[in-house]
Every structure is written in C-alpha cells, then in structure tokens.
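Below you'll find the structure, written out as structure tokens, and then a few comments.
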C-alpha cells in the first residue's frame, strides 16, 4: 500500500515540525519548502515571489471588473497565481508518483485525491499558536504578542482562501480529512510518535 | 495520569463499537447505555423515556411563550429534560471520579472538562453511515435506504441540538475535541487499534 500523507495545518500549530518528524520515523520523502523552490525553478519566478503568491488570497488578484463586465486587460498577478497553481498541481502528481511521501500544505489532499492520500489536519487554539510562534521566532523578528496574533489570523485566512479557491472545499473542515489533531498545549514530538503509531495500524 | 476518554459520535459512524473495543484494550470502564439505566433508576422515569429525552432536541420542549412573555404554565417535558440532564451531570462526575473510563455521548467532553478528558469525535460520510446501519440492523427493522438516511440525519440533528443547548458549543466542531477520526470505509477494529496505540503515546 502506497503511503502518501498530506498535512494541512494552521500557522503555529506545529504541523511542519510534525511532518518532518513523521517523515524521519517513516523513512519517506518530505516536501514543504522544496515545492516552492522547484516551482520557482520551473516558472522562472523568484522563490520569494512564488511563496508570496501561494500564501496569498487568490481572489484579491481577480481580474478587474466593472459591474458585470470583466475588464479587457487581464490582471498579471492573477495569471501568475494560476500558472503557479498549475505547476504545483503537476509537481505534486509527479512527487506522489515517484515514491511514498509527506506533503505539507499546497492543497495536496485535494490535488492528490486520486492517489487516496491519508489526509491529516493539524490545529490548535490561539494561545498555543502564539506561544509556538514566540518560541520559534526567527532572528531579528521582534513582533509583539498582538502583532503575532494578527499575523496568525491573516496567514490562516489566506491559507483558507487559497485552499477554498482551488479546491472548492472548506479548509480545516473535518469531512475533507481522515484525522484532525489538536496540538493545543501538546508536545509535537509526542504527537508525532502517536500519529506514527496510528499510521502503522492504518497502513498495515 | 488519569485516563478519562470521551467519544462524541455521529450515528452510524461506529463510535459505540470503537468505544467498547478501546475500553477492552485499555482495561478501563465503559459507559454508554449504562448511563441511561442509572438515570432512569435515580429519577424513577422509564429507561425508554430517559433515552427518548436525551436523544431529542431540548428546544422542541421549551416552555410555551407568546410574544415576549413565557406562558405561566411550565412545560413538564422541558422540566424533565432539565432534571435528566442534571442527573446525568452528577452521574458523569461520579463515574470519572471513581476510575479511568470511556464515556460515549452524553455531553461528557463538556461535563467533564475539569477532569481534562481526552476528547474524541468520530464521524463518517453518509454512504458509510448508511452501510453500517444496514449491516447492524436489529431484527424486525426493515427500513429502506432512504428511510435510514432520514433517520441518521434526524438523530444527528437532535444530538447536535442537545449538545449545543447544554454546552453552548458546536457539536462535532474541531475546537471542542483533541482528535477527530473519519471512519468512512474504515474497519472499526483497525481504527480502535490505531487509536489505542495513539493513546499509549499520549498517556505516556
């Protein structure tokens, strides 16, 4: 049985760390930022730009329209958003075809639905997410607690919009996943072990 | 660490079987129908009536009101609904105090929040729930597929209303649980083993 695992995650929920730990335990490939790098290479756009587009709300760059008529000049940002998504779609299919893997974010659960992936969603309460963001803050990043809270809300809203725009499904809604894990006040290392053991039984 | 596990479940999702299997594997007490029996004993109402009340929408038996004024005669069904809930509240607290246990339904995750229970919610797609209901149908029950579908929708709607009325929380909404498990097309025995192994790590 092929093991394709997708992880949707709220910002600050520890989903990325969980994915990395799981891939190490399962000895399978792990894709997260690598996807951005590869798309950037294929589309000849900068990594930073690709990241920005895939973390933004696509509807914000909809073609300009006045009343019921679309403006004749297409919006280039929207066009690039579609190009990047198409490339992402193609790339994820290639990766899932190649070997067992874990893919974090990128609408992977939706794009790879024909491969029957095991779809995990990781979430936590606001307090835990803020705490995790403070603990892992990158050097030079000096945001106040309220700024971090705002950042989390904004990133999660954009992730939801991006997912919903391309999948026509609700991000984080249980019917789209096999297992939803609440990481509030949880030790991610422990949760990774628990999910690993859960999967051993499911993939048996 | 005390192990109190609560299981919320959609009708036909296999949540009851899961609870029973888990309790056998963990060697801890399991409460489901036993709660109804004990409440009936304590309130001197019939088991069938207690079951009916705890599976109904409490707002359907709200005191009668005309415009903004509550009718002076209280609705006896509503009064009994409150009496049963109070007894349920008291009983669950006693059970959780007594020993490690698994409690299925009965707003247990909400009532026992001070005991920090591990809160599981079990759900499945309509097709799987119908299939499970057909497989486990009791003798003499001859419902058509469309009647079963209607029954599932009605029971789940009432469970949601009952939970929401007493907890002021949304039934099945991920923020109220620690782990949500999709049992669509799943073998409950396998899922029980997976959750058992998951819990072994969490309760370590």
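Bear in mind these aren't lab numbers, they're just calculated from the coordinates by the rules spelled out. Everything quoted here is computed from the prediction, not taken from an experiment. Heads up, the Cβs are rebuilt from the backbone with ideal geometry, glycines too, and the neighbour counts pull from every protein chain shown.
The angle separating the long axis of helix A:126-135 from the principal Cα axis of greatest extent in chain A is about 80 degrees.
Calculated mean residue ellipticity at 222 nm for the protein assembly as shown: -16500 deg cm²/dmol, from DSSP H runs with n ≥ 4 weighted as -39500 (n - 2.57), summed, divided by the residue count and rounded to 500. For the peptides B:12-22, A:6-16, the ranking by mean Cβ contacts within 10 Å, running from highest to lowest, is A:6-16, B:12-22. Based on Cα contacts under 8 Å between residues 6+ apart, chain B shows a relative contact order of 36 percent.
Among the DSSP beta bridges whose two residues both lie in the protein assembly as shown, what percent are antiparallel, rounded to the nearest 5?
Details: 7 of 39 bridges.
So the antiparallel bridges amount to about 20 percent of the total.
Could you line up A:198, B:110 from fewest to most neighbouring Cβ atoms inside 10 Å?
Values: A:198 25, B:110 20.
Fewest to most other Cβ atoms nearby, the residues stand as B:110, A:198.
Taking other C-beta atoms within 10 Å as the exposure proxy, A:81, B:133 rank B:133, A:81 from fewest upward.
Just check chain A against the gyration tensor rule for me: Cα atoms, a ≥ b ≥ c as the square roots of the eigenvalues, rounded for a/c under 1.5, and otherwise prolate or oblate depending on whether a/b exceeds b/c. The shape class here is oblate.
Using a ≥ b ≥ c from the Cα gyration tensor of the range A:1-50 (square roots of the eigenvalues), is it rounded, prolate or oblate, where a/c under 1.5 gives rounded and otherwise the larger of a/b and b/c decides, a/b for prolate? Provide the component values of the computation, followed by the final result.
On the way: a/c = 2.71, a/b = 1.58, b/c = 1.72.
In terms of gyration-tensor shape, oblate.
The order of A:134, A:188, B:102, going from fewest to most other C-beta atoms within 10 Å of their C-beta, is A:134, A:188, B:102. Any chance you could give the angle, 0 to 90 degrees and rounded to 10, that helix B:33-43 forms with the longest Cα principal axis of chain B? Approximately 30 degrees, to the nearest 10.
For the options A:185, A:158, A:57, a Gaussian network treatment of chain A with springs between C-alpha atoms closer than 10 Å singles out A:185 as fluctuating the most. Across peptide A:119-125, the mean count of Cβ atoms from other chains lying within 10 Å of each residue's own Cβ comes to 1.
Of all beta bridges that DSSP places with both ends in chain A, some 10 percent have antiparallel geometry. For the protein assembly as shown, what class follows from the C-alpha gyration tensor (a ≥ b ≥ c being the square roots of its eigenvalues): rounded when a/c is under 1.5, otherwise prolate if a/b is larger than b/c, else oblate? Prolate, because a/c is 1.5 or more and a/b exceeds b/c.
Relative to the longest principal axis of the Cα atoms of chain B, helix B:145-167 runs at roughly 70 degrees.
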